[in-house]
Amino acid sequence: MSKVMVMDHPLIQHKLTILRKEKTGTREFRQLVSEIATLICYEATRDLPLEEIEIKTPIGHAKTKIISGKKLALVPILRAGLGMVDGVMALVPSAKIGHIGLYRDEKTLKPVEYYCKLPGDIEERVVYVLDPMLATGGSAIDAISQIKLRNPKSIRFMCIIAAPEGLEALKKAHPDVDIYIAAMDERLNEKGYIVPGLGDAGDRIFGTK
Ligand code: PRP
Ligand code: URA
């Protein structure tokens, strides 16, 4: 069964309020997506296992801890997931990065895949899939299915805003994937947009439309 964590940290909630505002411009939006991704990553890496090692400080020896053998990979779902990469990399700079390109067909709302390039050693890695929006869940479900074909150690999904419909669909399709969410919203509208949401994340990050 998926573990679902919805963040309640005041910094995330505050930044999310500015992110949602219609008047927030591209530059600030991008910056906020990145900062929120850093804060989600902090929680989403909380349970990585540690091992004890001995090191020498300028004063003496210390038994201290490092993250144990876990290699990480980040896989943003293009386009909007790209906006989260820098923020996550700020905390895990040695992670490798794959890319999955998907867009939602505006009529069917089904994801259409156009690109997939994953790290060659992905089977040795814990994969964090990044996408700011979990709406119907179709894009996340497809991206995770693609990644599973390459047998990673495990997969976690990080998003900024989720709709209940998408969360349920993702949990059902991939019960082995833990999910980290900055905020749960009310519902989807008739066009598949999250309400109240923040609009089209890709367009707001890249200044398109
Ligand atoms: C957005 C978003 C997700 C997807 C979520 O991408 O970034 O990938 O929609 O919707 P779903 O849960 O219903 O699949 P979009 O298709 O707009 O592509 P873009 O990132 O290239 O703008
Ligand atoms: N994709 C977005 O970018 N926003 C939504 O509200 C739903 C899907």
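The values are calculated or read from the model by the stated rules, or taken from the named source; none is laboratory data. Quick caveat, the model's predicted, so the values are computed rather than measured. Every residue, glycine as well, gets a Cβ built from its backbone with ideal geometry; the counts of neighbours run over all protein chains shown. Remember, those area values only see protein heavy atoms, side chains included, never the ligands or the DNA or RNA. Shrake-Rupley method; radii C 1.70, N 1.55, O 1.52, S 1.80 Å.
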Estimated vicinal HN-Hα couplings, Hz - the range 34-41 in sequence order (Karplus 6.51, -1.76, 1.60; Gly, Pro = x): 5, 5, 5, 4, 4, 5, 5, 4
Rounded accessible area of SER154 (nearest 10 Å², 1.4 Å probe): 40
Residue order for LYS23, LYS63, LYS171 - accessible surface, 1.4 angstrom probe, largest first: LYS23, LYS63, LYS171
Cα-centred dipole magnitude for the chain, charges only on beta-carbon of K, R (+1) and D, E (-1), debye, nearest 20: 300
Spatial separation of Cα centroids for the range 132-209 and the range 76-104, in angstrom: 14
Relative contact order, percent, the chain [alpha-carbon distance under 8 Å, six or more residues apart]: 24
Filter on LYS21/LYS171; LYS15/LYS172; LYS23/LYS153; LYS96/LYS172 - keep pairs with C-alpha separation over 32 Å: LYS23/LYS153
Average projected area [Cα convex hull, the range 1-100], square nanometres: 9.4
Rounded tilt (10° steps) of 10-20 against the dominant C-alpha axis of the chain: 30
The range 52-209 - Kirkwood radius from inverse mean 1/r over Cα pairs (Å): 16.7
Crossing angle, helix 138-148 versus the chain [Cα axis fit, 0-90 degrees, rounded to tens]: 30
